[in-house]
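Single-structure report; data block below.
Every number here is computed from the coordinates shown, using simple stated rules; none is lab data. Keep in mind that what you see is a predicted model, and the values were worked out from it rather than measured. Positions of Cβ are backbone-derived with ideal geometry, glycine not excepted, and every protein chain shown enters the neighbour counts.
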Amino acid sequence: MKAVVCGASGGIGQPLSLLLKASPLIDELALFDVVGTPGVTADLSHISSVAKVTGYLKEDDGLRKALTGADVVVIPAGVPRKPGMTRDDLFNINAGIVRDLITGVAETCPKAFILVISNPVNSTVPIAAEVMKKAGVFDPKRLFGVTTLDVVRAETFVQEITEEKDPSKTVIPVIGGHSGETIVPLFSMAKPAVDIPADKLGPLVKRVQFGGDEVVQAKGGAGSATLSMAYAGYRFTRSVIKAVKGEKGIIEPSYVYLPGVEGGDAIAKEVGVDFFSVPIELGPSGAESAQNVLSSVSSEEKQLLEVCKRDLKGSIDKGVGFVTTSP
Ligand code: NAI
């Protein structure tokens with residue numbers, strides 16, 4: 001199992017690479033970035049775990065060398081938010097970075113599972129899909145937008161109400177997109193069920209939708225969530241790898257191209273957009289099936305979904321247009 005991290009020297013890339021290096025599920029770990037990989041690689045290579053670590057810069061065909069033979073490619077490359085910025089403000093820089101990295105994937109390891117962390121996820125995943133389509137190698141079951149941090153935040157923040165000792169024991173589906181009001185946590189479907197007083201539900205939903213802002217503000221210009229994102233990115237990567245290795249029953253919400261995933265076409269028609277996050281059953285070929293949870297949402301959640309769908313459409317069109325209108 002070879003995993004590659006693109007953007008490995010960054011705030012997310014470093015702790016994510018550390019967690020991947022420590023995982024016994026990974027045999028080879030390749031680190032790619034435009035700066036800093038020799039240092040990060042030397043440092044991680046002293047850890048006495050299974051994975052063999054190699055590092056590459058852009059020079060000397062580094063991207064191709066890093067990606068050769070990759071099974072999983074995780075992408076936290078690009079600029080993060082500063083106070084006052086939305087994820088969409090990152091589009092101008094990150095769109096080109098993701099396009100170029102995915103072009104490398106299409107040429108070098110088109111069958112790899114691609115996990116996109118770079119924001120705005122609502123647009124960068126459509127960009128990745130279009131690049132793979134253009135190259136004739138798009139497999140929707142292998143492309144994921146990582147929205148796990150929203151799930152992790154929902155689990156954590158609801159603990160203040162449930163007082164459950166281990167917050168990760170409460171499963172809460174989070175659907176839609178990964179930005180502000182496109183993030184729709186479905187507390188009505190929590191397992192085990194949680195009883196949230198009416199006056200607390202609205203603030204809780206808002207906190208999940210805008211939890212990233214708390215970190216951006218607290219860091220005061222030094223970036224956005226990195227450590228919690230590294231944890232979430234590792235958790236999702238580990239789930240994909242475990243499912244690929246044959247473990248059954250692994251379900252994780254993820255932002256995917258729904259018409260290409262079993263059960264996803266009907267959901268795409270219902271929500272009116274093709275890229276959307278729902279709980280996905282993972283398996284050896286990636287996204288095995290999409291779970292339609294829409295019929296069970298509460299009336300409050302229905303209203304949240306209306307706002308989500310409206311906002312998502314523009315972000316998806318922007319991502320698709322970025323690739324289809326460029327030469
Ligand atoms: P950072 O600035 O600390 O690190 C980004 C890294 O990407 C840097 O090391 C930089 O050199 C590298 N990079 C830039 N251009 C590159 C290229 N062409 N190829 C390879 N590497 C390149 O940023 P941070 O905090 O690690 O965030 C990275 C991205 O993740 C941002 O877009 C951020 O918005 C996003 N993010 C996504 C979350 C999610 O839930 N999906 C949560 C938090 C952040």
**Message:** Please arrange 141, 169 by how many other C-beta atoms lie within 10 Å of their C-beta, fewest to most.
**Reply:** 169, 141
**Message:** Counting only helical runs of four or more DSSP H residues, what would the 222 nm mean residue ellipticity of the chain come to if each run contributes -39,500 (n - 2.57) and the total is spread over all its residues?
**Reply:** -14500 deg cm²/dmol
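If you place +1 on the Cβ of every Lys and Arg, -1 on the Cβ of every Asp and Glu, and leave all else neutral, what size is the dipole of the chain about its Cα centre, to the nearest 20 Debye?
Details: 34 positive and 38 negative charges, 85 e Å.
Charge dipole, the chain, about its Cα centre: 400 debye, nearest 20.
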**Prompt:** By average Cβ neighbour count within 10 Å, what is the ranking of 235-243, 154-162 from highest down?
**Reply:** 235-243, 154-162
**Prompt:** Against the longest alpha carbon principal axis of the chain, how many degrees, from 0 to 90 and to the nearest 10, is the axis of helix 299-324 turned?
**Reply:** 30
**Prompt:** Using alpha carbons only, how many degrees (0 to 90, rounded to 10) separate the axis of helix 121-134 from the longest principal axis of the chain?
**Reply:** 50
**Asked** Which of the residue pairs 82/141; 21/169; 133/206; 141/191; 58/313 have a Cα-Cα distance greater than 30 Å in the structure shown?
**Response** 82/141; 133/206; 58/313
**Request:** Residues in the stretch 55-75, backbone N under 20 Å from the label point at residue 93 (7 Å along the Cα-to-beta-carbon vector): list them, ranges by number please.
**Result:** 57-59, 75
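If we count other beta carbons within 10 Å of each Cβ, what is the order of 178, 46, fewest first?
Details: 178 28, 46 7.
By the 10 Å Cβ count, ascending, the order reads 46, 178.
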**Request:** Using +1 at the Cβ of each Lys and Arg and -1 at the Cβ of each Asp and Glu in the stretch 60-214, identify which of 119, 77, 104 lies farthest towards the dipole's positive end.
**Result:** 104
**Folded to 0 to 90 degrees: helix 13-22 orientation relative to the chain principal axis, Cα** = 80
**Asked** Looking at 135, 182, 215, which one has the Cα that reaches farthest to the positive end of the dipole of the stretch 131-216 (charges on Cβ: Lys, Arg +1; Asp, Glu -1)?
**Response** 135
**Message:** Which of 106, 268, 95 ends up with the largest GNM mean-square fluctuation for the chain, with Cα atoms connected below 10 Å?
**Reply:** 268
**Request:** Give, in nm to one decimal, the length gained when the segment between residue 25 and residue 107 is fully stretched (0.36 nm per residue of separation minus the Cα-Cα distance).
**Result:** 27.0 nm
